[in-house]
Amino acid sequence: MPSNKSVSDAAITQFINCRILRDHRLQRDDLWVREGKVLDPEKLFFDEKGYADKLVDCEGSIIAPGFIDVQINGGYGIDFSQASDDVSSGVSFVAKKILQHGVTSFCPTLVTSPPAVYHKVLPQIKVSDGGEHGAGVLGFHLEGPFISVEKKGAHPEQFLRTFQSGGIEDLMEAYGGLDNIAMVTLAPELGGSQSVVKELCQRGITVSLGHSVANLSQAEEAVHHGASFITHLFNAMLPFHHRDPGIVGLLTSDQVPAGRTVYYGMIADGIHTNPAALRIAHRAHPSGLVLVTDAITAMGLPPGRHTLGQQVIEIQGLHAYVAGLNAAYQPPTTCSACTKTLCGSIATMDMCVRHFKHASGCSVEEALEAASLHPAKLLGISHKKGNLDYGSDADLVLLDDALNVEATFISGEEVWRKGP
């Protein structure tokens with residue numbers, strides 16, 4: 001505790017024997033935390049004559065910023081797109097479980113649903129800080145219903161919508177409101193979409209392009225109006241073509257305004273994206289890559305039938321498919337009654353970090369920043385999350401050299417640790 005009591009009486013924790021991810025490289029240094037924030041030790045020593053109240057021996061582990069998942073549909077039997085009178089208990093359950101995977105903040109994601117579901121679910125969840133109870137909620141990611149019929153993927157076609165009023169009124173009608181919404185995925189080729197992109201961005205809501213047949217110029221126009229993300233790159237969009245690369249072309253477009261970055265989500269589960277495609281994207285635009293799980297209700301559950309919004313899905317090994325039309329009535333013993341439409345993953349964030357590093361050949365630092373710094377920058381919260389700069393939130397993940405999670409901390413307090 002500092003001897004200069006005028007500064008703070010709060011306890012100081014010192015993490016020792018660790019390698020800290022700071023300024024894009026792992027550094028052998030101690031990490032100091034007070035009142036949930038990363039502390040500048042020079043100011044502590046010289047201005048306050050302070051010292052640590054508590055030592056945490058990391059035993060050589062890596063300390064990285066806590067992981068941020070901006071696209072997670074549920075997990076452990078919970079589906080965020082299922083309306084109930086107690087949505088918060090399901091979100092809280094998942095928030096607690098994902099601590100073991102190093103996730104300290106997340107955006108609960110709703111797939112295309114009827115208005116009644118949005119009106120029931122959205123008012124029940126507020127932006128909230130994380131802690132021992134679970135990872136913090138950064139706001140909803142609403143993936144749909146304003147997306148392309150041709151690239152709907154696992155989204156139910158009967159609930160897709162277009163912009164009839166040509167503006168924000170359509171969003172209000174579908175969602176019921178825009179409070180506690182962090183991100184909206186839409187198809188920029190839909191009529192009236194560009195004014196919606198502009199309005200959402202003015203309200204501080206991140207706009208992502210996805211489930212779309214947009215050409216490159218339509219995607220570039222959306223970026224000019226403020227769109228800054230691509231939902232699960234390569235999936236549910238036109239394939240790359242050399243004459244018109246479509247949304248994928250944003251990775252190297254010369255029409256992105258100066259000083260702006262277009263980020264893109266990658267489901268690095270070894271299923272949604274071939275490793276060669278993952279490497280192409282990373283090498284073309286490494287600073288924009290954001291790892292997402294796109295995890296569904298079956299994450300953490302055994303193979304079988306589960307729900308995703310209004311759909312029935314089938315888990316076979318590491319694959320999640322939309323089930324056949326008779327799925328609800330005749331559960332098959334094989335996947336012969338399944339479609340071949342992928343519908344989210346059952347991967348965890350730490351698994352994605354490890355696979356991304358292995359498949360891309362990137363550095364440890366790059367793999368960790370794709371799950372922390374990049375999503376924080378995308379959401380405009382890198383002044384407090386996604387890094388270990390002085391003054392940032394002390395949301396931390398301790399990892400071994402193989403990037404397995406050993407412990408998770410939120411605001412400097414241990415919230416999960418791997419058992420012996």
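The values are calculated or read from the model by the stated rules, or taken from the named source; none is laboratory data. This is a predicted model, so every value here is computed, not measured. Neighbour counts run over all protein chains shown; Cβ positions are idealised from the backbone, glycine included. SASA here: full protein model, heavy atoms, side chains in, ligands and nucleic acids out. Shrake-Rupley method; radii C 1.70, N 1.55, O 1.52, S 1.80 Å.
Annotations for the structure displayed:
- Flag for residue 178 being within 24 Å of residue 322 (Cα to Cα), buried (at least 18 other Cβ atoms within 10 Å of the Cβ) and at pLDDT 95 or above: no
- Residues in region 29-46 that are open to solvent by 50 Å² or more (accessible area, probe 1.4 Å), touching a Ser or Thr at 6+ places or on another chain (Cβ under 8 Å) and of a type in the set (Lys, Arg): 37 only.
Yes/no matrix, rows are residues, columns are (1) under 23 Å from residue 69 (Cβ atoms); (2) touching a residue at least 24 places away in the same chain (Cβ under 8 Å):
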site: 235; (1), (2): yes, yes
site: 251; (1), (2): yes, yes
site: 254; (1), (2): no, no
site: 270; (1), (2): yes, yes
site: 274; (1), (2): yes, no
site: 288; (1), (2): yes, yes
site: 300; (1), (2): yes, yes
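- Residue match in region 200-207 (condition: open to solvent by less than 50 Å² (accessible area, probe 1.4 Å), modelled with pLDDT of 95 or more and small (Gly, Ala, Ser)): no
- Residues considered: 236, 219. Of these, the only one that is among the small types (Gly, Ala, Ser) and within 21 Å of the chain's Cα centre (by Cα) is 236.
- Count of region 62-94 residues, restricted to those that are open to solvent by less than 10 Å² (accessible area, probe 1.4 Å) and among the hydroxyl-bearing types (Ser, Thr, Tyr), is 1.
- Here residue 35 meets the list (1) under 29 Å from residue 348 (Cα atoms); (2) under 28 Å from the mean Cα position of the chain (by Cα); (3) of a type in the set (Asp, Glu) almost entirely, failing just condition (1).
- Checklist (1) touching a Gly at 6+ places or on another chain (Cβ under 6 Å); (2) surrounded by fewer than 23 Cβ atoms within 10 Å (Cβ to Cβ); (3) modelled with pLDDT of 95 or more; (4) not acidic (Asp, Glu) applied to residue 149, failing item: (1)
- Criterion applied to 293, 252, 307, 231 was being modelled with pLDDT of 95 or more and open to solvent by 20 Å² or more (accessible area, probe 1.4 Å), and the one residue passing it is 252.
- Check on residue 99, touching a residue at least 24 places away in the same chain (Cβ under 8 Å), open to solvent by less than 10 Å² (accessible area, probe 1.4 Å), closer than 26 Å to residue 364 by Cα and out of contact with any Ser or Thr (no Cβ under 7 Å at 6 or more places or on another chain): no
- Considering (1) among the charged types (D, E, K, R); (2) open to solvent by less than 60 Å² (accessible area, probe 1.4 Å); (3) in contact (Cβ under 8 Å) with a residue 40 or more places away in the chain, the lone condition that residue 314 does not fulfil carries the number (3).
- Checked against the criterion of being touching a Phe, Trp or Tyr at 6+ places or on another chain (Cβ under 9 Å) and over 30 Å from residue 390 (Cβ atoms), the candidates 102, 66, 74 yield just one match: 74.
- Among the residues of region 152-175, the ones that are touching an Asp or Glu at 6+ places or on another chain (Cβ under 9 Å) and open to solvent by 70 Å² or more (accessible area, probe 1.4 Å) come to 2 in all.
- The condition of being touching a Phe, Trp or Tyr at 6+ places or on another chain (Cβ under 9 Å), of a type outside the set (Gly, Ala, Ser), over 19 Å from residue 61 (Cβ atoms) and touching a residue at least 60 places away in the same chain (Cβ under 8 Å) does not hold for residue 385.
- Close contacts from region 122-134, counting a first residue that is within 15 Å of residue 69 (Cα to Cα) and a second that is of a type in the set (S, T, N, Q) and open to solvent by 10 Å² or more (accessible area, probe 1.4 Å), with Cβ to Cβ under 8 Å and a gap of 6+ residues or different chains, come to 127/180; 129/411; 130/411; 134/92.
- Test: residue in region 393-412 that is more than 24 Å from residue 131 (Cβ to Cβ) and either open to solvent by less than 10 Å² (accessible area, probe 1.4 Å) or at pLDDT below 95 (or both): yes
- Taking (1) within 25 Å of residue 66 (Cα to Cα); (2) surrounded by 24 or more Cβ atoms within 10 Å (Cβ to Cβ) in turn, residue 112 satisfies each apart from (1).
- Selection count where residues are surrounded by fewer than 18 Cβ atoms within 10 Å (Cβ to Cβ) and within 21 Å of residue 111 (Cα to Cα), scope region 341-384: 1
- When 246, 265 are checked against the criterion of being open to solvent by less than 10 Å² (accessible area, probe 1.4 Å), of a type outside the set (A, V, I, L, M, F, W, C) and within 29 Å of residue 91 (Cβ to Cβ), 265 stands alone in meeting it.
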